[in-house]
Amino acid sequence: MKLRIRYDETVQTLNLDEKATEQLWVSLSLESKGLSNSEKEQKIQEAFDIQYNHPEYNSWHKFDRHRGYSKAQSSVDDDEDDNEASEPLMREVADDRIFRKDELDRAETESYEVTCGWICKVLVKKPEWADAFIAVRMDGEPIREYAVQIGADENNITQKLNRAKKKLAEAYNPGEV
């Protein structure tokens with residue numbers, strides 16, 4: 001029997017002997033009595049096409065064949081458990097920020113500190129403006145909560161924020177920050 005198997009974009013043909021044909025008949029769970037060899041071969045090919053040669057299986061195989069298997073392998077010592085805790089390599093992941101989390105956090109903290117320093121330098125004569133601007137505009141604290149925290153009126157805080165914004169806009173020079 002000649003069995004046609006679709007692999008990727010090509011079709012390959014396998015020549016099966018009588019014993020392999022009979023084993024394939026059993027493994028595909030086909031049942032019919034009184035069929036000629038050509039009818040049997042046709043039924044085997046149809047069943048094989050339905051189970052393995054259909055495009056959905058090939059698409060799944062193409063996209064998911066490597067899922068869950070990383071090239072990075074952990075070393076398993078004799079005194080360790082058999083639990084493998086391998087991590088994917090940096091080139092295997094779509095977003096490599098997870099490997100640079102500490103570096104990115106440090107850069108963000110440094111940027112925040114530089115910005116707060118610049119705000120305090122520009123608003124050196126009005127530290128309450130600087131504190132309000134940093135707390136509300138940069139840290140995202142609601143005006144009402146900040147006003148309650150320092151014991152001031154909400155309108156007063158809003159005015160301080162507007163004045164601070166105007167003063168910072170006048171002093172802003174993109175090359176300086």
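Listed by chain and number, the lysines whose C-alpha is less than 28 Å from the C-alpha of LYS19, apart from same-chain residues fewer than 8 away, are LYS2, LYS33, LYS40, LYS43.
Converting phi to 3J(HN,Hα) with the Karplus coefficients 6.51, -1.76 and 1.60 and the offset θ = phi - 60°, segment 140-154 yields x, 6, x, 4, 4, 5, 5, 5, 5, 4, 9, x, 10, 7, 4 Hz in sequence order, with x at every glycine or proline.
What the phi angles of segment 102-113 give under the Karplus curve with 6.51, -1.76 and 1.60, with θ = phi - 60°, is a coupling list of 4, 4, 5, 5, 5, 5, 5, 5, 4, 5, 4, 5 Hz, glycine and proline written as x.
Residues whose amide H comes within less than 5 Å of that of LEU35, counting only those at least five positions distant or on another chain, are absent (H built at 1.01 Å from N in the peptide plane).
Between PHE99 and GLU22, full extension at 0.36 nm per residue minus the direct alpha carbon distance yields a gain of 22.3 nm.
Taking other residues whose beta carbon is less than 9 angstrom from the beta carbon of THR21, and scoring Lys, Arg as +1 and Asp, Glu as -1, yields -2.
Near GLU103: Cβ cut-off under 14 Å, other residues only, Lys/Arg at +1 and Asp/Glu at -1. The net charge is -1.
Highest average first, the peptides 106-113, 124-131 ordered by how many other beta carbon atoms sit within 10 Å of their residues are 124-131, 106-113. Electrostatic bookkeeping for LYS40 treats Lys and Arg as +1 and Asp and Glu as -1; over the other residues with beta carbon under 12 Å from its beta carbon, the sum is -4.
Backbone geometry of segment 32-42 corresponds, through the Karplus equation with coefficients 6.51, -1.76 and 1.60 at θ = phi - 60°, to 3J(HN,Hα) couplings of 6, 10, x, 9, 6, 4, 5, 5, 4, 5, 5 Hz, x marking Gly and Pro. For segment 100-171, the spread of Cα positions along the three principal axes, ordered from largest to smallest, is 43, 27, 15 Å.
Excluding same-chain neighbours fewer than eight residues apart, the lysines reachable from LYS165 by a Cα-Cα span under 17 Å are LYS121, LYS125, LYS126.
Every number here is computed from the coordinates shown, using simple stated rules; none is lab data. Because the structure is a prediction, the values reported are computed rather than measured. Note that we place each Cβ from the backbone using ideal geometry, even for glycine, and neighbour counts take in every protein chain shown.
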